[in-house]
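Trainee: Got a structure for you, questions after.
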Amino acid sequence: MRDVIVYTTESCSFCTRVKMLLRSQDIDFEEVNLAGDPEGVIALAEKTGMMTLPQVTVGGILVGGYDETARAASSGMLADLLAD
């Protein structure tokens, strides 16, 4: 299974929701909390082109935020990314 990384910050309801979604799918993930790390947020935004959190990557591939991850889970795309 490919590595799943969830970039989050504190007090972010969508961050909490995406972690709950992944746990409900029995998907292990590493959480990178960027609270208090503005340079880290800027570097992530430059890398992914997304300015918002959460951001979910699978094997280095950006899935997106909560909405995109939920759609990927329901469509089977997330399972496909994990299996590759």
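Derivation of every value follows stated rules applied to the coordinates shown; laboratory data play no part. Since the structure is predicted, the reported quantities are computational estimates derived from the model, not experimental observations. All Cβ positions, glycine included, derive from the backbone under ideal geometry; neighbour counts span all protein chains shown.
Trainee: Can you check what the net charge comes to around residue 17, using other residues whose Cβ is under 15 Å from the Cβ of residue 17 (Lys, Arg +1; Asp, Glu -1)?
Mentor: Summing Lys/Arg as +1 and Asp/Glu as -1 gives -1.
Trainee: Additional query: Using helices alone, I'd like the mean residue ellipticity at 222 nm for the chain: each DSSP H run of four-plus residues gives -39500 (n - 2.57), total over residue count, nearest 500.
Mentor: Result for the chain: -14000 deg cm²/dmol, rounded to the nearest 500.
Trainee: Over the range 9-62, what is the relative contact order in whole percent, taking alpha-carbon pairs under 8 Å and six or more residues apart? Write out the running numbers ahead of the final one.
Mentor: Values: 23 pairs, mean separation 22.4, N = 54.
Relative contact order for the range 9-62 comes out at 42 percent.
Trainee: Give me the Kirkwood hydrodynamic radius of the range 22-67 in Å, from all C-alpha pairs, to one decimal place?
Mentor: Evaluated over the range 22-67, this radius sits at 11.5 Å.
Trainee: Please give the helix 66-75 orientation as an angle from the longest Cα principal axis of the chain, in degrees from 0 to 90, rounded to the nearest 10.
Mentor: Roughly 10 degrees between the two axes.
Trainee: Let me ask something else. Under a 5 Å amide H to amide H cut-off, with H placed in plane at 1.01 Å, what residues pair with residue 63 once short-range neighbours are removed?
Mentor: Those lying under 5 Å, H to H, from residue 63 are 56, 57, 58.
Trainee: What three numbers, in Å, describe the spread of the alpha carbons of the chain along their principal axes, ordered from the longest?
Mentor: 33, 23, 19 Å, listed from the longest principal axis down.
Trainee: Please give the helix 38-48 orientation as an angle from the longest Cα principal axis of the chain, in degrees from 0 to 90, rounded to the nearest 10.
Mentor: Tilt of helix 38-48: around 40 degrees.
Trainee: To check you understand DSSP bridge types, tell me what percent of the beta bridges within the chain (both residues inside) are antiparallel, rounded to 5.
Mentor: Taking every DSSP beta bridge with both residues in the chain, the antiparallel ones total about 65 percent.
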